[in-house]
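A short worksheet on the structure shown next.
What follows is calculated from the coordinates using simple rules that are stated; it is not laboratory data. Since the structure is predicted, the reported quantities are computational estimates derived from the model, not experimental observations. Neighbour counts run over all protein chains shown; Cβ positions are idealised from the backbone, glycine included.
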Amino acid sequence: MELYIDSANLDHIKHAASLGILTGVTTNPSLLAKEDPAVDVRDRILEIHNIVGGHCSVEVVATETDAMIAEADEILSWFPQATIKIPMIPAGLAATHQLAGRNIPVNMTLIFSATQALAANNAGARYVSIFLGRLDDIANSGIQVVRDTREIWERQGLDSKILAASLRHPMHLLEAAKAGAHISTTPYQVIMQSLKHPLTDNGLEKFLADYHKMQAEIAELRSELA
Ligand code: G3P
């Protein structure tokens with residue numbers, strides 16, 4: 001499963017990218033709104049793209065098909081490798097269909113059911129973003145939607161990428177990988193939590209303590225012999 005970071009925070013993106021574990025980044029209007037409003041959105045997106053280098057999803061805020069296409073073209077004028085994030089509404093399906101006809105990659109977002117994922121795929125989306133955490137928030141099973149979608153994809157031989165989004169904790173990451181998501185887009189804090197294990201920290205502390213003890217003993221022995 002590929003790992004993307006779900007963020008518009010440059011420090012977080014820089015740090016996660018420096019670890020060599022990311023193949024992409026997804027942003028959305030809410031994530032951008034958390035950052036310094038003095039920085040132009042275009043400049044921020046371009047900097048994010050330059051840091052990560054791989055996939056970069058940028059979301060439109062228009063809600064009518066023609067306006068979505070115009071906004072997609074504006075984003076593509078910033079950098080032609082952009083993946084356009086389009087919301088899963090009827091106008092968004094029509095926009096996705098048109099963009100896909102021009103071979104522009106679309107990440108269809110705000111997907112909460114396997115039938116929505118299927119429609120997104122059929123409209124030509126290259127990525128279908130299923131929001132696990134927000135389904136769990138309303139006592140539905142987000143991971144079950146990923147499992148159902150993966151099962152349909154296998155049976156029907158569909159090739160768009162299943163993207164697990166709205167991840168809230170490392171168990172979501174684990175479950176998404178087990179359910180066969182092709183990609184997970186993960187907040188920085190969840191990425192960092194998923195890398196940490198107390199036995200790794202304790203183990204390293206013990207290795208270093210033993211090494212320094214050995215060095216001290218060697219130094220003592222040498223001074224006795226000198
Ligand atoms: O980028 C879309 C998605 O990951 C948002 O997550 O935590 O706002 O539900 P969240």
- Could you work out which residue, out of P80, P170, P198, moves most in a Gaussian network model of the chain, that is, has the largest mean-square fluctuation with Cα springs under 10 Å? P198
- Taking the Cα centre of region 1-152 as origin, work out the dipole magnitude from +1 charges on Lys and Arg Cβ and -1 charges on Asp and Glu Cβ, in debye rounded to 20. 400 debye
- Item | Listed residues P37, P187, P29, most fluctuating in the chain (Gaussian network, C-alpha, under 10 Å) | P37
- Task: Could you tell me which trypsin sites (Lys or Arg not before Pro) in region 1-87 are loop residues by DSSP with no more than 12 other beta carbons within 10 angstrom of their beta carbon?
- Result: K34
- If E154, E35 are placed from fewest to most neighbouring beta carbons inside 10 Å, the sequence is E154, E35
- Counting each DSSP H run of 4 or more residues in the chain as -39500 (n - 2.57), what helix-only mean residue ellipticity at 222 nm follows after dividing by all residues, to the nearest 500 deg cm²/dmol? -17500 deg cm²/dmol
- Message: Just to be sure I understand the curve: with the Debye formula and one point per C-alpha of region 122-169, what is log10 I(q)/I(0) at q = 0.26, 0.29, 0.30, 0.32 Å⁻¹?
- Response: -0.95, -1.06, -1.10, -1.17
- Query: So what is the relative contact order for region 1-90, in percent, with contacts set as C-alpha pairs under 8 Å and at least six apart?
  - Reply: 27 percent
- Task: Give me the aspartates and glutamates in straight-line cross-link reach of K196: C-alpha distance below 15 Å, same-chain residues under 8 apart excluded.
- Result: E205
- Under 30 Å Cα-Cα from K85, which lysines qualify once same-chain neighbours fewer than 8 residues away are excluded? K14, K34, K161, K178
- Task: Return the single residue from N122, N103, N202 with maximal mean-square fluctuation; model: Gaussian network over the chain, springs between Cα atoms under 10 Å.
- Result: N202
- Message: Multiplying the sequence separation of S30 and S113 by 0.36 nm and subtracting their Cα-Cα distance, what value in nm do you get?
- Response: 27.7 nm
- Message: With N set to the number of residues, divide the alpha-carbon radius of gyration of the chain by 2.2 N^0.38 Å and report two decimals.
- Response: 1.28
- Find the eigenvalues of the gyration tensor of the Cα atoms of region 115-226, then list the square roots of 5 times those eigenvalues as equivalent ellipsoid semi-axes, largest first, in whole angstrom. 50, 14, 10
- Query: Between rounded, prolate and oblate, where does region 1-59 land on the alpha carbon gyration tensor, with a ≥ b ≥ c its root eigenvalues, rounded for a/c under 1.5, else prolate if a/b exceeds b/c?
  - Reply: prolate
- Averaging sequence separations of C-alpha pairs under 8 Å and six or more residues apart, then dividing by the length of region 95-181, give the relative contact order as a whole percent. 27 percent
- Task: Could you state, as a whole-number percent, how many of the C-alpha pairs of region 1-121 are farther apart than 26 Å?
- Result: 19 percent
- Message: For region 91-172, place one equal point scatterer on every Cα, skip the solvent, and apply the Debye formula. What is log10 of I(q)/I(0) at q = 0.14, 0.16 Å⁻¹?
- Response: -0.44, -0.56
- Query: Which whole-number percent is the relative contact order of region 69-226 (Cα, under 8 Å, 6+ apart)?
  - Reply: 14 percent
